[in-house]
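Shown next, in structure tokens, is the structure this report addresses.
Values in this text are rule-based calculations from the coordinates and carry no lab data. Small disclaimer: the values here were computed from a predicted structure and weren't measured. Here the Cβ positions follow ideal geometry from the backbone for every residue, glycine too, while neighbour counts run over all protein chains shown.
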């Protein structure tokens, strides 16, 4: 049995939950309370020395970083695939996922927001302005790529969800949580809605996790 160390609001954990669901893989859910700093606790540092969620345990093997985890799942359980078979198409899907993983998320994750708040004395409104700025930068690029490419279909690539959709949906959820205006991004919004019609995405949503706060 796989074991996922997760936090309901962690978008990186959200990605892995979607991937596990799309693969139809059962797993044990171990909540890590980021709000109380449990990620820094000795017991969790023994699990993942990085002190970050998600972490996935497959027997004695423990993997950190959401992309590494999802690539592992793809290689170990290749059906159903999360990447298309053609190398050119695989590169496109990976590029879309990386735009979220490398250009948007690192500037808006919890550690960065906490640092921006404390180092620059920002209040809630200032942190939100920071968050919205980088969302606009990243979503504008992503929207343009999706809108202009013939391979964009019901999902980011074609007629079934891929790695790109797995990364997109949690980032949109975070944007909505911060009351970000999604109206300038109709293709992203359409794809997000299509994903949320699927059980694999709905079951992975933050509000449906055991540690969700009401």
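Quick notes on this one:
- P(r) tail, segment 137-214: Cα-Cα pairs separated by more than 16 Å, 49% of all pairs.
- Note on the chain: Kirkwood hydrodynamic radius from all Cα pairs is 17.7 Å, rounded to one decimal.
- Restricting the calculation to alpha carbons of segment 87-200 gives Rg and Dmax of 14.7, 47 angstrom.
- Of the beta bridges in the chain, as assigned by DSSP with both residues counted there, near 60 percent are antiparallel.
- Annotation: the residues 128, 36, sorted from fewest to most other C-beta atoms within 10 Å of their own C-beta, follow the order 36, 128.
- Within segment 43-90, the percentage of alpha carbon pairs spaced more than 16 angstrom apart rounds to 47%.
- Tail fraction, Cα-Cα pairs, segment 1-60, threshold 20 Å, whole percent: 20 percent
- Residue with peak Gaussian network fluctuation, the chain [Cα springs, cutoff 10 Å], from 45, 90, 17: 45
- Its relative contact order, with pairs defined as Cα atoms under 8 Å and 6+ residues apart, puts segment 87-200 at 31 percent.
- Segment residue 176..residue 109, full-extension length gain: 22.7 nm, with 0.36 nm per residue of separation and the alpha-carbon distance subtracted.
- When the helices of the chain are scored as -39500 (n - 2.57) per DSSP H run of n ≥ 4 and the total is divided over every residue, the value at 222 nm lands at -16000 deg cm²/dmol.
- Contact order normalised by residue count of segment 2-80, Cα under 8 Å, 6+ apart, percent: 36 percent
- Its relative contact order, with pairs defined as Cα atoms under 8 Å and 6+ residues apart, puts the chain at 25 percent.
- Percent antiparallel among DSSP beta bridges (both partners in segment 1-111, rounded to 5): 60 percent
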